[in-house]
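What follows is a set of notes on a single structure, which appears directly below.
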Amino acid sequence: MGPVDDDAAAAEFHEFFEAHYAELARFARLLTGEAEGADDLAADALLALWHRWDRVRRADHPVAYARGVVTNLARTRIRSAVRERRRIALFWAPRGGGDGYAVEDPDVSAVVDVQWALRKLPFRKRACVVLRHAFDLSERDTSLVLGISVGTVKSQTSRAVTELQRLLGPDKPAPQVQVAVAVQHGGGRQ
């Protein structure tokens with residue numbers, strides 16, 4: 001089915017777009033680690049929502065539905081990027097050691113450190129910790145967005161925070177990780 005022709009539905013979608021576009025773009029940025037493509041990913045998600053607006057507007061949680069679409073698009077984008085990097089690696093010899101994400105300057109802000117650490121997490125753990133700590137979603141709402149059980153959200157979030165602490169070192173306790181993720185979100189929780 002194509003876009004909705006009803007003027008009321010179009011106005012409703014426009015209101016949804018205005019209310020949630022920036023949040024979806026921030027969410028995409030946190031999931032992918034890329035500022036450049038986050039706006040495009042959020043726009044692609046909203047375009048997909050527009051094409052299914054009749055179904056979305058009847059959903060119990062339209063914002064959760066939208067976050068799920070962003071999650072799926074981000075996962076697809078990340079998988080494509082990984083495949084592309086693997087293809088490039090077949091043709092070019094590795095240069096130097098490391099993966100390019102090492103942070104050695106002690107003056108680097110916590111936000112940069114957390115961005116680096118988030119990129120190291122597997123996608124589901126990253127999505128859980130971002131939704132729980134940066135977007136302050138409940139475990140139930142996070143499970144709706146990701147299409148997983150509440151128990152899985154709890155375990156993945158716990159493991160992700162533990163892994164972030166390990167990656168960031170003993171001098172950055174869990175509250176520091178949560179604050180840095182919240183700062184990366186855009187200045188705090190809304």
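We did not get these values from a lab; they are worked out from the coordinates using the rules stated. Everything quoted here is computed from the prediction, not taken from an experiment. FYI the Cβ positions are ideal-geometry reconstructions off the backbone, even for glycines, and counts take in every protein chain you see.
Translational diffusion coefficient of the stretch 1-85 at 37 °C, 0.692 mPa s, Stokes-Einstein with Kirkwood Rh over Cα pairs, in µm²/s as a whole number.
Roughly 248 µm²/s, to the nearest whole number.
If packing is taken as the average number of other Cβ atoms within 10 Å across a peptide's residues, how do 61-70, 142-151 rank, most packed first?
61-70, 142-151
Over all directions, what mean area does the Cα convex hull of the stretch 3-50 project, stated in square nanometres?
Reported value for the Cα convex hull: 3.1 nm².
Report the net charge of residues surrounding Arg75, where surrounding means a beta-carbon distance below 12 angstrom and charges are Lys +1, Arg +1, Asp -1, Glu -1.
+4
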